[in-house]
Amino acid sequence: MPNNKGRKRRFGSIRKTSLGEFQASYLGPDGKRHFAPHRFKKERDADRWLNGVEAVIVAGDWTDPDRAKITLAEYAERWIVERPGLRPRTVELYRWLLRKHITPYIGDVPLNRLSAATFRQWRADRLVAGVSASVLAKCYRLLRGVLNTAVDPDELIAKNPCKIPGAEKETPEERPLVTVGQVFEIAAALPERFSAMVLLAAFGSLRFGEVTALRRCDVAEDASQVRVVRQFVEVPGQGVVAGPPKSRAGVRTVTLPQAIRPDILRHMSEFVGPDPEALLFTGEKSGGAIRRPNFNQRTRWTEAVTKLGLEGLHFHDLRHAGNVWASKAGMSTRDLMARMGHDDMRAALIYQRATSEADQHIADRLSKLVEEHRRGPA
């Protein structure tokens, strides 16, 4: 056992307590004295701990351990509040992930006590509990982002302990692909005031929030195009709120197939008021924006698609089908991404360089598919 009694240590100090344990401490780069998070049974263990701290300081990786005593749950909530530009739906998702899958299990652990093993055990336990890998991937990406900020710029911890290879990847289940004929069957099965919603989602590649936010002024006089400049999102405590599309590329103008333009014009004539700001789709009585649960209830969506042999079909699957059809029109990925409103690192380039000719070509291809369906088998 090393005997430091009577000699001055080069770095830090070790004190033997009345219980026979050893307490280590040191003066940090901030000029303050910091103590080891626990006491040691053996003096050589306290000595090793001080040597490790010294090495971290020399390497320039030291962080104030007292600041890192904040719990993961508290820091994550602060991270969400201070994060600029988060959309309401994203904030809602992050808080739900924390409340449901993170905080009850590791939320009370201080940042300076988190380790790679902490997250491996947490993920393994949640998988055993039946949580899907897809949901855990969302949780893991959130945790990694939170702790990246704790490393830099906040400098609360030296390294990000989220180190599970592949944990951030999602493998969502394959969604059903409806045919052109099935799209028109769905449209016919719903109340007439909602039929055009189905056509716009499928043949315009629009999301639910984008379709329900469309106004008369967003549709060309001949229904040749629709302009997507906003979407509706549901915010807890506020109801349906209009906001920007899901991504920068979501702001777009979509050319509609010639074959469905009469259907859109007919809908606007029968169900849409003359005011340019009038919504294309509203409830029969309220005249206000349509919430997703209300839409499912009013259209009896689940019952309708089940009767058509499409059990489990979601409204979003209509957009998925439209994207698949558009991809077969022979256009570039850039043009397809612009039509679909997808965003990634090249989002601005994708949107700015997409040509109206390319979008017209996609619309013509979709129109041909509709006409083939209406003609029926030869």
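The values are calculated or read from the model by the stated rules, or taken from the named source; none is laboratory data. As the structure is a prediction and not an experimental result, all values here were calculated from the model. Glycine gets a Cβ as well: all are built from the backbone with ideal geometry, and neighbour counts include every protein chain shown. Just so you know, the surface numbers come from the protein's heavy atoms only, side chains and all, with ligands and any DNA or RNA stripped out. Shrake-Rupley method; radii C 1.70, N 1.55, O 1.52, S 1.80 Å.
Going highest first, how would you order 360-368, 270-278 by mean Cβ packing within 10 Å? It would help to have the intermediate numbers written out before the result.
Values: 360-368: 19.0, 270-278: 12.3.
Answer by packing, highest mean first, reads 360-368, 270-278.
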So how far, in whole Å, is the C-alpha centre of segment 133-164 from the one of segment 191-267? 36
How far apart, in nanometres, would the label points at Arg99 and Ala129 be if each is projected 7 angstrom from Cα along the Cα-to-Cβ direction? 1.6
Which angle from 0 to 90°, rounded to the nearest 10, does the C-alpha axis of helix 88-97 make with the longest principal axis of the chain? 50
Just to be sure I understand: with springs between alpha-carbon atoms less than 10 Å apart, which residue in Leu72, Leu19, Leu127 has the highest mean-square fluctuation in the Gaussian network model of the chain? Leu19
Please give, to one decimal in nm, the separation of the simple spin-label points placed at Arg175 and Arg227, each 7 Å out from Cα toward the Cβ. 2.7
If a/c stays under 1.5 just call it rounded; otherwise compare a/b with b/c (prolate if a/b is bigger, oblate if not). Do that for segment 4-110, with a ≥ b ≥ c from the square roots of the Cα gyration tensor eigenvalues. prolate
Burial-style ranking of 60-66, 194-200, average other-beta-carbon count within 10 Å with highest first, yields 194-200, 60-66
Under a 1.4 Å probe, counting only protein heavy atoms, Thr179 has an accessible area in Å², nearest 10, of 70
Quick one: accessible surface of Glu303, probe radius 1.4 Å, all protein chains present, in square angstrom to the nearest 10. 80
What is the helix-to-structure angle for 133-151, meaning the angle in degrees between its Cα long axis and the longest Cα principal axis of the chain, kept from 0 to 90 and rounded to the nearest 10? 50
Expressed in square angstrom to the nearest 10, the accessible area of Arg266 with a 1.4 Å probe stands at 110
Under the 7 Å Cα-to-Cβ spin-label approximation, Asn148 and Glu277 lie apart by a distance in nanometres of 3.9
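For Val58 and Arg266 in one chain, what is 0.36 nm times their gap in residues minus the Cα-Cα distance, to one decimal in nm?
Working: separation 208, 0.36 × 208 = 74.88 nm, distance 7.44 nm.
This chain segment gains 67.4 nm when fully extended.
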Among (i) 17.0; (ii) 18.1; (iii) 25.9, the entry matching mean projected area of the Cα convex hull in nm² as calculated here is (iii)
Among Ala76, Ala187, Ala129, residue whose mean-square fluctuation peaks in a GNM of the chain (springs only between Cα atoms under 10 Å): Ala129
What number, rounded to the nearest 500 deg cm²/dmol, is the helix-based mean residue ellipticity at 222 nm of the chain, given -39500 (n - 2.57) per DSSP H run of at least four residues and division by all its residues? -13500 deg cm²/dmol
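Compare the peptides 204-210, 145-151, 27-33 by average per-residue count of other Cβ atoms within 10 angstrom and give them in order, highest first.
Values: 204-210: 23.9, 145-151: 19.6, 27-33: 10.9.
Ranking, from highest mean packing down: 204-210, 145-151, 27-33.
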Among Lys285/Lys368; Lys100/Lys285; Lys41/Lys69; Lys41/Lys159; Lys159/Lys246; Lys100/Lys163, the pairs whose Cα-Cα distance exceeds 25 Å are Lys285/Lys368; Lys100/Lys285; Lys41/Lys159; Lys159/Lys246
